[in-house]
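The values are calculated or read from the model by the stated rules, or taken from the named source; none is laboratory data. Here the structure is a predicted model, which is why all the values come from computation and not from measurement. Note that each Cβ is placed from the backbone with ideal geometry, even for glycine, and that neighbours are counted across all protein chains shown.
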Amino acid sequence: MADVLVGQDAVDSLLGVLDLERIDTGLFRGPRTEGGLQRVFGGQVAGQALVAAGRTVPADRHVHSLHGYFVRPGDSTKPIIYQVEDIRDGRSFSVRRTVALQNGQTIFFMSASFHTGEQGLEHADHAPLDVPGPGEIPPLSEQLKTHPDRLGIWARKPRPIDVRYIGGSGFSASGERPALEHQRVWMKADGVLPDDPLIHVCVLTYASDLTLLDSVLSRHGAVWGPGGYLGTSLDHALWFHRPFRFDDWILYDSASPTAADGRGLAQGRFFDADGLHIASATQEGLLRQTPEAPGVP
């Protein structure tokens, strides 16, 4: 695992993935990704789709929400084409629809809304109390040394995001994870990001897909991989409430209110280091037991 990209090198690699090539009006190309994964990571596709949409709106309008659906698995050995449809530019809002294409087929589509920002009512929930700080928690990379078999090919993927689980993660060995109603994770870019606010929301979009479905498993003390579950994101929604920097520590507090019919719903809230609510996420995923899981013939 020594050859895995970490730190600023991994962050720069992610920034390269998010730096789309403009090939025509409303048309962008995302680069191929390296790192051993055959399927494209869903957070990458959503992040790239948001980059494409954001590059077509006026600079004074910032994304406040996105809603996307994962339709087909993407092939990491091939570039992805992003087609942006200009739905509307109003006096204070812009709406875009982005379609991600490979081999002429849609693999993901997303609607995103951008707003100039206005004066109005303001309130916010604050972060949960008595949460240990990120300095008190070992990074996920340390946990991987204990359970390297839990990740399989993910163990070779670049790690641009420093992830620190409060409590056990879904990458623990089967039977070692406590059941938790809330999953809480500290995360941030493992290096410095440019000042462009679009980059910070796109990196958060990428990172939001890393751990959210894990909160469905945490309700049951279940794990990913052998003896546990395989998961696929079906849809993903994000709301951005306040400006933030994703190269500062962010607390991701997530929970799963329900799971049924092989699908689980997960909801998450992002808080900055001062405890202010900066963004929210909701995702539904398909969760299937591995053959080694209890109760599977």
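In table form, for the structure just shown:
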read-out: Some residue of segment 193-203 being without any contact (Cβ under 8 Å) to a residue 40 or more places away in the chain and farther than 15 Å from Gln44 by Cβ; value: yes
read-out: From the options Val84, Val63, Val57, residue that is assigned to a loop (DSSP other than H, G, I, E, B), modelled with pLDDT of 95 or more and not acidic (Asp, Glu); value: Val57
read-out: Residues of segment 247-266 classified as surrounded by fewer than 17 Cβ atoms within 10 Å (Cβ to Cβ) and assigned to a strand (DSSP E or B), total; value: 4
read-out: Criterion violated by Asp19 - all others in (1) in contact (Cβ under 8 Å) with a residue 40 or more places away in the chain; (2) out of contact with any Asp or Glu (no Cβ under 7 Å at 6 or more places or on another chain) satisfied; value: (1)
read-out: Complete set of residues in segment 32-91 that are within 21 Å of Ser208 (Cβ to Cβ) and free of Cβ contacts under 8 Å to residues at least 12 places away in the same chain; value: none
read-out: Residues (within 22 Å of Pro197 (Cα to Cα), surrounded by fewer than 18 Cβ atoms within 10 Å (Cβ to Cβ) and out of contact with any Asp or Glu (no Cβ under 8 Å at 6 or more places or on another chain)) located in segment 65-82; value: Ser65
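Yes/no matrix, rows are residues, columns are (1) in contact with a Gly (Cβ under 9 Å, 6 or more places away or on another chain); (2) over 19 Å from Val203 (Cα atoms):
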{"position": "Gly30", "(1), (2)": "no, no"}
{"position": "Val95", "(1), (2)": "no, yes"}
{"position": "Ala100", "(1), (2)": "yes, no"}
{"position": "Gly104", "(1), (2)": "no, yes"}
